[in-house]
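Asks: My questions all concern the structure below.
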């Protein structure tokens, strides 16, 4: 049965793990755009935005799985698999919070606003910033945003 033998000795060559982008977990910068689509800058002309991990980062996937497990638990408890729009938005917010690394703005409503989990939740859940939320949701799903430059 020549030709059908399988070698147990690994041969050197392509390692599939080389395709994994480290920035998926480290994060990449998203410069927000204003309502007209122009890049948003502060008074010093510095980019305004947020550094985000990819949706398929370790933290992003953990949150997605937690959300799914919560939906299953809720379905068992209530007997329905239906979810309100608000529940869905809250779960999307959970993923954005898990993916948030840092941001360049320092204040919200004139008050210091450091980047932490509670403030990330406050920011992403605030309807005033839906434009930025939409930009972030698109950004975290596009793996190209996290590729090596």
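The values are calculated or read from the model by the stated rules, or taken from the named source; none is laboratory data. What you see is a predicted model, and the numbers here were worked out from it, not measured in a lab. All Cβ positions, even for glycine, are placed from backbone atoms using ideal geometry, and neighbour counts span all protein chains on display.
Asks: Considering only the range 65-78, I want to know if a residue exists there that is closer than 16 Å to residue 143 by Cβ and out of contact with any helix residue (DSSP H, G or I) (no Cβ under 6 Å at 6 or more places or on another chain).
Replies: No, the range 65-78 contains no residue that is closer than 16 Å to residue 143 by Cβ and out of contact with any helix residue (DSSP H, G or I) (no Cβ under 6 Å at 6 or more places or on another chain).
Asks: Of all the residues that make up the range 23-49, how many are surrounded by 10 or more Cβ atoms within 10 Å (Cβ to Cβ) and without any contact (Cβ under 8 Å) to a residue 24 or more places away in the chain?
Replies: Selection size over the range 23-49: 6.
Asks: For the range 51-73, give me the residue count where each residue is part of a helix (DSSP H, G or I) and more than 13 Å from residue 90 (Cα to Cα).
Replies: 9
Asks: A further question follows. Could you check the range 40-56 and list, in sequence order, the residues that are more than 18 Å from residue 133 (Cβ to Cβ) and under 14 Å from the mean Cα position of the chain (by Cα)?
Replies: 56
Asks: Of everything in the range 12-39, what is at pLDDT 95 or above, farther than 24 Å from residue 92 by Cβ and under 21 Å from the mean Cα position of the chain (by Cα)? Give them in sequence order.
Replies: 39
Let's see how each residue does on (1) more than 19 Å from residue 67 (Cβ to Cβ); (2) in a loop (DSSP other than H, G, I, E, B); (3) more than 13 Å from the chain's Cα centre (by Cα):
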residue: 89; (1), (2), (3): no, no, yes
residue: 96; (1), (2), (3): no, no, no
residue: 102; (1), (2), (3): yes, no, no
residue: 114; (1), (2), (3): yes, yes, yes
residue: 119; (1), (2), (3): yes, no, yes
residue: 124; (1), (2), (3): no, no, no
residue: 145; (1), (2), (3): yes, no, no
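Asks: I'd like the residue in the range 66-106 that is in contact with a strand residue (DSSP E or B) (Cβ under 8 Å, 6 or more places away or on another chain) and more than 19 Å from residue 131 (Cβ to Cβ) and, out of all such residues, is surrounded by the fewest Cβ atoms within 10 Å (Cβ to Cβ).
Replies: 106
Asks: If you scan the range 114-140, which residues turn out to be surrounded by fewer than 16 Cβ atoms within 10 Å (Cβ to Cβ) and free of Cβ contacts under 8 Å to residues at least 12 places away in the same chain?
Replies: Once the filter is applied, which keeps residues that are surrounded by fewer than 16 Cβ atoms within 10 Å (Cβ to Cβ) and free of Cβ contacts under 8 Å to residues at least 12 places away in the same chain, the range 114-140 yields 114, 116, 118, 126, 127, 128, 130, 134, 138.
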